[in-house]
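See structure below.
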Amino acid sequence: MPRPIQARLDLSALQSNLEVARRITSSRIMSVIKADGYGHGLLRAAEALSATDGYALLDIQNAVQLREAGFRQSILLLEGFFGPEDLPVIAEFNLACVIHSTEQIAMLDAFPGSGALDVWLKVNSGMNRLGFAPQQVARAMEQLRSHRAVRDITLMTHFANADEARGVAEPLALFNNLAAPYRVPRSLANSAALLRNPETHGDWVRPGIMLYGASPFPEVPAQQLGLRPAMTLSSRIIATQDLRAGDEVGYGALFRAEHAMRIGIVACGYADGYPRHASNGTPILVDGQRSRTVGRVSMDMLQVDLSDLPQAGVGSSVVLWGEGLPIEDVARSAGTISYELMCALAARVRIVT
Ligand SMILES: Cc1ncc(COP(=O)(O)O)c(C=O)c1O
């Protein structure tokens, strides 16, 4: 019998979450499937989202994999190309690529091909990660518009605070100003902006997290947004321990029993992708009932309080996140975000669809 941990993926949820996006916007949808489809599997996610208008990811090999699997939609490389050897592949497989730096324009200049590339010029609207500074945009546009290797240009930016109170007003005004002189398609919105800021929708929206059924907003549950979680991480209790008052649990004695109690040992640890920083009290479901973790998460196991669950024991089912337990609640307790939990799902976890 295999170790009982598994990640069940409800791929129909991805489809339904894409429909939620469709109902909100009439813009074309570039589904973000980087990081192995946010941990759901590249081809699995692409297939489930096949009603999308395009896919955005990072690795050129993944883009080629999609083309070879028969996907004909636009495919956008979100960080563009990393070296000149990428350019013939981009042209051959008809991939669109972000151009965010003068170094990339120089590589493009050295590329002997002509007229085939669709580029997305990225504007740095305040995040200061990738993109041309506002004062560089006109020159970069000029270079790309007259470039023999370039077919179409889209102007894009990425918001730093769309999911927070600060919102998008400032970077949006900056971007709109810079884009005003050009009649080219525009793309700005991630999930948060798609859901909250119709004024950012432009020609292409780029949702990621919402497609996988998690909320981009700390204060708004996914369910309230009409989203369905796709990933449920579950396992079983493989042992129980009866603690006396004063007994300690796990590495570092992070938990000490105040009174006699029973705990369950769950076959799930940080090597499965469960966050080691999940503190005492992180929510967890045992036989469908909410309980809390106790003690430090170790590589292959974690502990759950069974005080209020007298029926639970070896073999009881445990949900770490997903169906019945929002991933956001677990992420909050571990000081992280749902994105990180999904992406960290370990390769050793069996996937069930
Ligand atoms: C450039 C870009 N666009 C869109 C997204 C999707 O963001 P989200 O998952 O918050 O919708 C990301 C993800 O980080 C991104 O880097």
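Test of the criteria: in region 1-110, which GluC sites (Glu not before Pro) are in a DSSP loop and have at most 12 other Cβ atoms within 10 angstrom of their Cβ? Could the numbers behind the result be given before it?
On the way: sites: 19, 47, 68, 79, 85, 92, 103; in loops: 79, 85.
Here the sparse-neighbourhood loop sites are 85.
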Inset, instruction - Please report, in whole Å, how far the alpha carbons of region 128-205 spread along each principal axis, starting with the longest. - result: 42, 22, 21
Inset, instruction - Measure of size requested: the Rg and Dmax of region 206-263, with Cα atoms as the atom set and Å as the unit; please supply both. - result: 18.9, 53
Legend entry - Difference of contour (0.36 nm per residue) and Cα-Cα distance, residue 8 to residue 184: 59.2 nm
Inset, instruction - Please report, in cubic angstrom per residue, the volume enclosed by the convex hull of the alpha-carbon atoms of the chain. - result: 144
Inset, instruction - Could you tell me what % of all Cα pairs in region 198-353 have separations over 21 Å? - result: 46
Legend entry - Hydrodynamic radius by Kirkwood, which averages 1/r over all alpha carbon pairs of region 291-353, in angstrom: 13.5
Legend entry - Fraction of accessible area attributable to carbon and sulfur, region 43-130 (%, probe 1.4 Å): 49
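Keeping every protein chain present and rolling a 1.4 Å probe, give me the accessible area per residue for the chain in Å². Mind showing how you got there, number by number?
Values: 15820 Å² over 353 residues.
Normalised by residue count, the accessible surface of the chain is 45 Å².
Among residues other than residue 305 whose Cβ falls under 11 Å from its Cβ, what is the net charge (Lys/Arg +1, Asp/Glu -1)? Intermediate results must be reported in sequence, preceding the final value.
On the way: positive: 262, 290, 292; negative: 308.
Taking every other residue near residue 305 into account, the sum is +2.
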Inset, instruction - List the residues of region 39-53 whose backbone N lies under 19 Å from a point placed 7 Å from the Cα of residue 151 along the Cα-to-Cβ direction. - result: 53
Inset, instruction - Evaluate 2.2 N^0.38 Å with N set to the residue count of region 1-101, then give the Cα radius of gyration divided by it. - result: 1.19
Inset, instruction - May I ask you to compute the full-extension gain from residue 43 to residue 343, defined as 0.36 nm times their residue separation minus their alpha-carbon distance, rounded to one decimal in nm? - result: 106.5 nm
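Suppose only helical runs count, i.e. DSSP H with n ≥ 4. What mean residue ellipticity at 222 nm does that imply for the chain under -39500 (n - 2.57) per run, divided by all residues and rounded to the nearest 500 deg cm²/dmol?
Values: 11 runs with 89 residues, N = 353.
So the helix-based figure for the chain works out to -7000 deg cm²/dmol.
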Inset, instruction - Scan region 1-88 for chymotrypsin sites (Phe, Trp or Tyr not before Pro) in coil per DSSP, keeping those whose Cβ has at most 16 other Cβ atoms within 10 Å, and list them by number. - result: 82
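Rule-of-thumb check for region 90-147: C-alpha Rg over 2.2 N^0.38 Å?
1.13
Over region 236-335, calculate the relative contact order: mean separation of alpha carbon pairs under 8 Å at least 6 apart, over the residue count, as a percent. Mind dumping the intermediate values first?
On the way: 244 pairs, mean separation 30.6, N = 100.
After rounding, I find 31 percent.
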Legend entry - Approximate spin-label separation residue 67-residue 135, in nm, with each point projected 7 Å along Cα-to-Cβ: 3.9
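Between the DSSP loop rule and a limit of at most 15 other Cβ atoms within 10 Å, which trypsin sites (Lys or Arg not before Pro) in region 171-246 are left? Provide the component values of the computation, followed by the final result.
Values: sites: 183, 186, 196, 236, 244; in loops: 183, 244.
The qualifying sites are 183, 244.
Using alpha carbon coordinates only, what is the Rg to Rh ratio of region 62-197, with Rh defined as the Kirkwood radius?
On the way: Rg = 15.2 Å, Rh = 15.6 Å.
Taking Rg over the Kirkwood Rh, I get 0.98.
With only alpha-carbon pairs counted, each pair once and no self-pairs, how large is the Kirkwood hydrodynamic radius of region 167-282 in angstroms? List each step's numbers first, then the result.
Details: mean 1/r = 0.0536 Å⁻¹.
Averaging 1/r across every pair of different Cα atoms and inverting gives 18.7 Å.
Tell me the relative contact order for the chain as a rounded percent, counting alpha carbon contacts under 8 Å between residues six or more apart. If you can, show how the numbers build up before the last one.
On the way: 786 pairs, mean separation 61.0, N = 353.
Contact order relative to length: 17 percent.
The values are calculated or read from the model by the stated rules, or taken from the named source; none is laboratory data. This structure is a prediction, so every number in the text was calculated from the model and none was measured. For neighbour counting, all protein chains shown are included, and Cβ atoms are generated from backbone atoms with ideal geometry for every residue, glycine included. Note: accessible area is taken over every heavy atom of the protein model, side chains too, but ligands, DNA and RNA are not part of it. Shrake-Rupley method; radii C 1.70, N 1.55, O 1.52, S 1.80 Å.
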